[in-house]
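Data block below; observations after.
The values are calculated or read from the model by the stated rules, or taken from the named source; none is laboratory data. Being a predicted model, the structure only gives us computed values, none of them experimental. These accessible areas exclude ligands, DNA and RNA; they are computed on the full protein's heavy atoms, side chains included. Shrake-Rupley method; radii C 1.70, N 1.55, O 1.52, S 1.80 Å.
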Amino acid sequence: FDRDRCQRLDLSGNARNCFLTGNPDFHRNCIGKGLRCLLDVPNTEVYRNAHYGSGRFCSQSSQPLGEKIPSLQISSVGQLPCHFSAWNIQIIRSFHTSPSLQAAPVPLFWIIVKPAQKLFAIILGRSIRNWWKALPPNKRELFKESARKNKWKILLGVSSLGVVFVMFYFTHLEETPITGRARLLVFGKEHFRELSQMEYDMWMEQFKGQMLPETDARYQVVERVVGHLSESNKDIPQVSALKWVIHVVDEPGVNAFVLPNGQVFVFTGLLDAVSDIHQLSFILGHEIAHAVLEHAAEKASLVHFLDFLSLIFLTMIWAICPRDSLAVVGQWIQSKLQEFMFDRPYSRTLEAEADKVGLQFAAKACVDVRASSVFWQQMELAETIQGQPKVPEWLSTHPSHENRAEHLDRLIPEALKIRESCNCPSLSGPDPRLIFRLNMKHLLELSKGQEAPNSTKQDLLKPKLDFPHT
């Protein structure tokens, strides 16, 4: 696995920056196992995110993570956080994803116009229906006869409209940075600069009394992790072009998101939830990947394109349905079909892609990439202990925790090769995935009522990540 091959890696991977959903509301409801994902605004439910020239795949500054973050004290492999019992409940209730805002000025214009478009389609369809009902029977027959005679003209007109949409779609295709995946991009990144500042101002106003100072150990940990990730991946133009600014919010929710302009927000609840620095590095790498891959602009572009197409069907529904009540039901069915056939599967695709690229970022930073799947196994374990019913993945905007962990497990061998090609030190100690499985069995036994001595519990739940006070 040489460096030339590194440069040609195709990391094609369901999410965002997952924060654009095509909905003008800031908050997006997600159905996924009753959890919240890493990329959403507070108080929203989930489980719910180009080839880069001839630069070297591995930045010359790549160093072992421990050397870049000397203040961290990581205990022995395989131990779970001391707060794991409370952590189970807290993660289930407060896991988030990035905020749902649209871009400005063009996307914001479409958000304002969008309700008016739907209202116009409803009024137009209803007017056609009422006009048809008011026609005398003889005129209806004449109209039908005229339609039969001109059916080829009508078909030609409809086909021409379809060709216009197809041409628009293919003329607005671009390659995704790093992965080279073809995607629809109607809104360029320049449209998101103003929104990024607006969104940044909004979050700063909301959390102005909760921002940790730069002298706080938790702030310094996040700053070093993000700095190490960006330095190790500076050969990627999209990474080096952004100035990554850290904001750590003293908030118990498990939340982290990155705005398109490089503003990184991390809640202290996330720092309490991760088991070690490697998990934190992967999560932040995932968030950075959403920003670098411009998932916000991509998701907004697709949603608004589909919404515009849906106006035709919306007009037809209100024109064909004999009563308003039936038209409302038909409109609801049409919106749900769009959501479950296009919106949610596409979000899951973006999430999988961010996981894949985020894992690459972590590998180049000499992170133990094996810890990435352990994080999602912990989420799966938390649900099992809670006894929560499993929601089918197709109902969620994000992959299930189990499938996400399996997906990462398939990517880890390639990530380990990337890590090795970047001259990272060899990984020592047992595989954290194996250790987690052993601990998981024991914790499941405890959850069934098999009590263990308090000292044993404390040993099992000892934290792996320690933030020394400053």
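The table that follows gives values for the structure above.
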quantity	calculated
Heavy atoms of F165 accessible to a 1.4 Å probe, total area in Å² rounded to 10	30 Å²
Antiparallel bridge percentage (DSSP; both residues within the stretch 189-446; nearest 5)	45 percent
Subset of K356/K390; K118/K390; K356/K448; K336/K390; K133/K153 violating a 31 Å alpha-carbon distance limit	K118/K390; K356/K448
The stretch 189-446: relative contact order in percent, alpha carbon pairs under 8 Å with at least 6 residues between	17 percent
Whole-Å distance, taken between Cα centres, linking the stretch 257-307 and the stretch 120-165	47 Å
Probe 1.4 Å - accessible area at K208, Å² to nearest ten	140 Å²
